[in-house]
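See structure below.
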Amino acid sequence: MTNFAWEDAAPSRVLIVDDNPTVHDAFDEILRHQGANQKLEQGEALMFGSSVESRVPKPTYQVDHALSGAEGVEKVRKSLELAAPYQVAFVDIRMPGMDGVETIERMWKLDGKVQMVICTAYADYRWEDLAKRLDQIDRLLVLKKPFHNIEVMQLASTLSVKWQLARRAEMKLEQAITLVSRRTQKLLEMQRRENLQRPEIGRAVHGSGVTEARAAVAGTAEGSELPVILLIGEDGELLSQIAKAVSSDYSICDATGPAQGLNAAKENVPDLIVVDGCSLGDAGIKLCRGLNADQITSHIPVILLAADHADETQVRALEAGVSEFLVKPLRLPVLKARVDNLLEERRKLHEYFQQLQSVYPREIAGSQMDAEFLRRVVEIVERNIADYEFDVEKLARNLAMSRRQLFRKFKAVAGCTPNGFVRDIRLRRAAQLLRESRMTVSEIIYAVGFSDPKYFRNIFRERFGVLPGEYGNSAD
């Protein structure tokens, strides 16, 4: 038999409705005093024997009081407004004005999940009459006065657990229904797209001006580990020389003009771009400015090849976001060294980001545009954080990007996959809720978009070094 984990649960909320203040004092003594309680210990010894030692932590309670039925109904209403519902209510059946049965009727109209205990010294109602009038008995028990301390404690404990388990079962059922519905929709969508043509990585993108890549491009696949370099210019001979000089370490693709080059950059999201400003003229500078201003390509380092050393040309290039400025006649070993250095700097920056283990855009972005992109990602994920079906496909649609563009962008900007980034946001929100909220671990798991508690606990421990139930204490 599995014990209910009281250690990861917030105190249960219990409401006492009785017009006799002495009764309230009695409930306080039983439920609020969690230290040594001689009467309670005597009752436990009488029922279970004096040699039995408790192996399970005792539950804790937040006890509220109402001296009339109307006040009790009002407290239930306010608890729902505060999103802090009562788990159990002990209601005296004989009270002036609104009696216990009417009080329960009105409470259940507000919150039908509260576990009710009718406290009575007389047989005011037959059980059959209560069942008929209240129309439900699965959340109703009778406590005969005078009651024993152990009876109250056992009822409060058992009914609180029942309330928690019922709530979790309800959440799982809702999620299962949602999951089936969404997966059915996804299956239908996949079937509709089944006959659509998929662009292959590494072949020419017809109509966009991207020519067939030279020998290195022909075999490139999405999973290739070689960084991709895009060459843009109208001097085919020069582009061929550059491709030959760097193709041993990089995959190469090219485009013949500014418009085609911008389209190719968005489609392929390369790791680096070389722009031949000599053959493109002022259009080359405009292209660099467009690449730097576009959300999809803003992170990509750009090397501009120019015809002269003029200060004005260099200033315009730097203002357009160019990373390196090389002047013809071009020395291919120098170009290769600049390419290697730029990509090595990016790799080292990614290693530093991973050591930071941060998802804050300002900390992991290399530029203001990259930080803004990551801020948008964080906002979208947090907006959908409870949706465990929110995946990379949906994130890409929200960003108006393809799945491949999103993966390439994340690889370049953050050095990780979109899946890993989203998972870390969910884990950090879970840690925040564990520190600051009164939610249980199980409630938090579903609130941050995980559907498998075992998987959540494993990756949470891997990320923070402790289990979720231990995190609040370790964070103090």
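The values are calculated or read from the model by the stated rules, or taken from the named source; none is laboratory data. What you see is a predicted model, and the numbers here were worked out from it, not measured in a lab. Quick reminder, even Gly has a Cβ in these numbers, built from the backbone with ideal geometry, and neighbours come from all protein chains shown. Note: areas computed on protein heavy atoms with side chains; ligands, DNA, RNA excluded. Shrake-Rupley method; radii C 1.70, N 1.55, O 1.52, S 1.80 Å.
Observations, loosely collected:
- Neighbourhood net charge (12 Å Cβ-Cβ; Lys/Arg +1, Asp/Glu -1) for Ala283: -1
- Packing-based ranking, highest mean first, of 289-295, 84-90, 252-258 given that Cβ atoms within 10 Å are counted: 252-258, 84-90, 289-295
- Whole-Å distance, taken between Cα centres, linking the stretch 432-447 and the stretch 89-105: 34 Å
- Heavy-atom accessible surface of the stretch 364-447: percent carbon and sulfur, 1.4 Å: 47 percent
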